[in-house]
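Have a look at the structure below, then the notes.
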Amino acid sequence: MAILNDRIGDVTGAIARRSRDARTRYLDRIAAAASAAPQRRRLGCANQAHGFAACAADDKEALRKGSTPNLGIVTAYNDMLSAHRPYERYPELIRSAARAFGATAQVAGGVPAMCDGITQGEAGMELSLFSRDVIALAVAVALSHQTFDAVALLGICDKIVPGLVIGALSFGHLPAIFIPSGPMPSGVPNAEKNRVRQLFAEGKVDRAALLEVEARSYHAPGTCTFYGTANTNEMLMEFMGLHLPGSSFVNPDTPLRDALTRAAVRQVIAHSALGAQFLPVGQMIDERSVVNAMAGLAATGGSTNAVIHLVAMAAAAGLTLDLRDFEQVAEVTPLLARVYPNGQADVNQFHAAGGTVYVIRELLGAGLLHADAATVFGGTLASYCQEPTLGDDGEVAWREGPASSGDDAILRGVQAPFSATGGLRILEGDLGRAVIKTSAVAPERHIIEAPALVFHSQEALQAAFKAGELERDFIAVIRFQGPRAIGMPELHKLTPPLGVLQDRGFKVALVTDGRMSGASGKVPAAIHLTPEALDGGPIAKVQDGDIIRLDAVAGTLTVLVPAEEWAARPLASEDLSASHVGTGRELFSQFRASVGSADRGASIFSGAKA
């Protein structure tokens with residue numbers, strides 16, 4: 001393997017140094033919780049009897065003796081989310097595999113799983129980010145019975161995987177593995193879907209035409225095929241070594257998918273305290289794993305949501321990240337993939353061209369990943385250049401992954417990348433600190449200077465668009481969208497109108513304390529702005545007509561207002577009470593009160609004022 005890139009080493013070292021005390025406390029805590037023998041042996045007889053009362057006879061006998069590993073399954077199954085529908089049959093598949101490997105398995109608990117695709121633009125989206133922390137809490141409840149020796153986590157989509165990771169790391173003394181379900185087969189090309197969305201926004205096609213193209217795009221069990229947060233999560237799990245190599249994008253309900261699930265069960269059982277190689281997940285995930293995830297994010301042009309989630313996930317393992325870590329890694333990591341919205345291909349085409357295995361091979365060869373990071377595969381990330389195939393016996397066989405791309409319009413090597421950098425920048429200036437993803441933005445739009453138009457909701461901008469009031473150059477300032485204000489929803493409704501206006505030749509951009517997620521595309525968007533408006537952030541001072549300069553080249557976000565006027569200008573306020581009730585939002589008042597800022601992961605566990 002190549003010598004580690006100096007920048008990658010420097011960022012990793014900086015994380016380790018700033019995290020030293022918190023990481024030490026975390027490792028001490030999980031070491032105290034670890035045990036060479038099943039914890040259930042220490043439970044009272046009534047406790048144990050409750051734990052295996054409903055099991056099959058053979059499983060009950062094994063659990064009574066307490067000499068074999070018991071695998072806890074935490075599942076995000078529901079049959080509304082296409083990505084999670086395949087998980088309905090996983091528990092029995094996992095139980096059967098566990099028995100074959102001399103172990104038992106039980107569903108420890110379920111966690112909620114909501115779909116941002118269903119709630120986008122609706123009130124439920126204001127619960128979306130908070131659902132991640134609810135999921136982490138649900139994992140803790142599931143594993144609190146202390147009857148498990150390892151954990152299999154079933155989850156895919158936007159907040160679900162990060163929530164499962166945070167929960168699993170809270171029980172970091174246990175080995176853990178993530179088992180994906182894979183993407184749905186390709187439907188209507190994403191570019192065609194986006195074209196019809198823009199036509200609908202312009203009133204050129206009706207609702208029936210829009211619904212038809214949407215239904216032909218999202219049409220089967222499995223993840224959506226564009227490279228949004230769900231599929232970015234799957235990539236992150238592979239780069240962090242929490243998936244088996246090459247397993248992220250194998251389609252659901254196929255023989256290879258089932259074989260990979262059985263192989264995952266075998267691996268996590270082997271890592272239990274009763275297995276051949278004890279590997280607690282809290283020890284396995286360290287600063288090298290997290291930096292590898294950052295490099296994967298940059299190289300594939302993944303979702304900006306991953307920035308928030310990686311900060312929160314790392315904190316659960318006692319690791320403190322700074323937004324500059326992401327930028328510094330992206331500056332030396334080339335963009336190797338073009339997957340919608342950063343290109344025309346979908347994740348099935350990306351996988352066929354070589355997928356994550358090829359990207360990992362290329363980055364390892366360039367010294368841009370920690371080859372020695374531990375993984376659930378039993379070795380290090382260096383072994384993730386292998387890809388799975390179906391053997392003659394119906395089980396997984398491993399072979400060396402592709403040495404070259406199957407389609408250089410989708411996937412390229414480090415010698416001829418789409419871009420020399422990963423296209424993730426941090427913007428700082430008068431308005432605070434924001435994130436921008438430039439990998440899908442044309443270079444001539446990396447700098448936008450235009451008058452501000454201020455809105456307090458995406459609906460208000462849509463109304464102005466429909467009224468013909470936005471036919472000009474402007475920077476849309478959408479504020480009071482942060483985690484403390486209304487839960488930091490994704491502002492999906494902004495994409496079609498802003499895209500239409502940009503296509504008409506206007507200079508447009510977005511500045512917001514909300515999110516845009518994996519849908520971040522061709523319009524420059526400074527998002528996750530901190531401090532948020534409700535916390536007294538400078539975005540609350542902006543007025544219509546203020547000239548704002550968004551400069552993704554220099555990494556600045558400035559408002560061109562005289563300093564004295566800016567300092568004296570009062571902060572705007574907004575009545576947010578309507579966003580605090582209905583659709584369950586009244587139950588989340590404590591979350592809004594305690595949530596930390598976006599640059600600290602927007603987590604209730606980090607605290608707003610810590």
Being under 30 Å from A442 (Cα atoms), of a type outside the set (A, V, I, L, M, F, W, C) and either free of Cβ contacts under 8 Å to residues at least 12 places away in the same chain or in the same structural domain as T12 (by TED's automatic domain parsing) (or both) narrows it down to one residue among E362, E395; which is it? E362
If V454 satisfies all but one of (1) β-branched (V, I, T); (2) modelled with pLDDT of 95 or more; (3) buried (at least 23 other Cβ atoms within 10 Å of the Cβ), what's the number of the condition it fails? (3)
Considering (1) closer than 30 Å to H351 by Cβ; (2) free of Cβ contacts under 8 Å to residues at least 40 places away in the same chain, say which one S439 fails and leave the rest. (2)
Looking at the range 331-357 only, could you name the residues that are farther than 25 Å from R425 by Cα and part of a helix (DSSP H, G or I)? N348, Q349, H351, A352, V357
Restricting the first residue to the range 256-269 and requiring it to be in contact (Cβ under 8 Å) with a residue 12 or more places away in the chain, which pairs with a second residue that is of a type in the set (S, T, Y) and part of a helix (DSSP H, G or I) meet a Cβ separation below 7 Å and a spacing of at least six or different chains? T261/Y90
Given (1) within 15 Å of V250 (Cα to Cα); (2) in contact (Cβ under 8 Å) with a residue 24 or more places away in the chain, identify the lone condition not met by G343. (1)
Between T147, T119, which is free of Cβ contacts under 8 Å to residues at least 24 places away in the same chain and either assigned by TED's automatic domain parsing to the domain that holds E88 or basic (K, R) (or both)? T119
Confirm whether G117 is touching a Lys or Arg at 6+ places or on another chain (Cβ under 8 Å), modelled with pLDDT under 95 and either surrounded by fewer than 24 Cβ atoms within 10 Å (Cβ to Cβ) or not charged (D, E, K, R) (or both). no
If you take the residues in the range 580-610 that are over 25 Å from the mean Cα position of the chain (by Cα) and in contact (Cβ under 8 Å) with a residue 12 or more places away in the chain, which one is surrounded by the fewest Cβ atoms within 10 Å (Cβ to Cβ)? G582
Would you check if G413 is touching a residue at least 24 places away in the same chain (Cβ under 8 Å), within 25 Å of the chain's Cα centre (by Cα) and in a loop (DSSP other than H, G, I, E, B)? yes
State yes or no: is D206 over 23 Å from the mean Cα position of the chain (by Cα) and surrounded by 24 or more Cβ atoms within 10 Å (Cβ to Cβ)? no
With a cut-off of at least 2 residues that are polar (S, T, N, Q), out of contact with any Asp or Glu (no Cβ under 6 Å at 6 or more places or on another chain) and modelled with pLDDT under 90, name the helices (runs of 4 or more DSSP H) lying wholly within the range 1-67. 45-52
Looking at the range 442-458, which of its residues are charged (D, E, K, R) and touching a residue at least 60 places away in the same chain (Cβ under 8 Å)? R445, E449
Output for Cβ contacts, cut-off 7 Å, separation at least six or different chains, first residue of a type in the set (D, E) in the range 198-226, second surrounded by 15 or more Cβ atoms within 10 Å (Cβ to Cβ), reads E202/V500; E214/K193
Does any residue in the range 55-82 that is over 19 Å from S96 (Cα atoms) come within less than 8 Å, Cβ to Cβ, of a residue that is hydroxyl-bearing (S, T, Y) and at pLDDT 95 or above six or more places away or on a different chain, and which pairs are these? A76/Y87
Which one is nearest to S67 (Cα to Cα) among residues in the range 263-287 that are out of contact with any strand residue (DSSP E or B) (no Cβ under 8 Å at 6 or more places or on another chain) and in a helix (DSSP H, G or I)? A270
Just need a number here: residues in the range 531-558 that are under 30 Å from E234 (Cα atoms), buried (at least 21 other Cβ atoms within 10 Å of the Cβ) and in contact with a strand residue (DSSP E or B) (Cβ under 8 Å, 6 or more places away or on another chain). 1
Return the residue satisfying two criteria in turn: it lies in the range 116-153 and is of a type in the set (V, I, T) and assigned to a helix (DSSP H, G or I), and of such residues it is nearest to the chain's Cα centre (by Cα). I135
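The values are calculated or read from the model by the stated rules, or taken from the named source; none is laboratory data. Only a predicted model underlies this, so the values are computations on that prediction, with no experimental measurement involved. With ideal geometry, Cβ positions are generated from the backbone for all residues, glycine too; neighbour counts draw on all protein chains shown.
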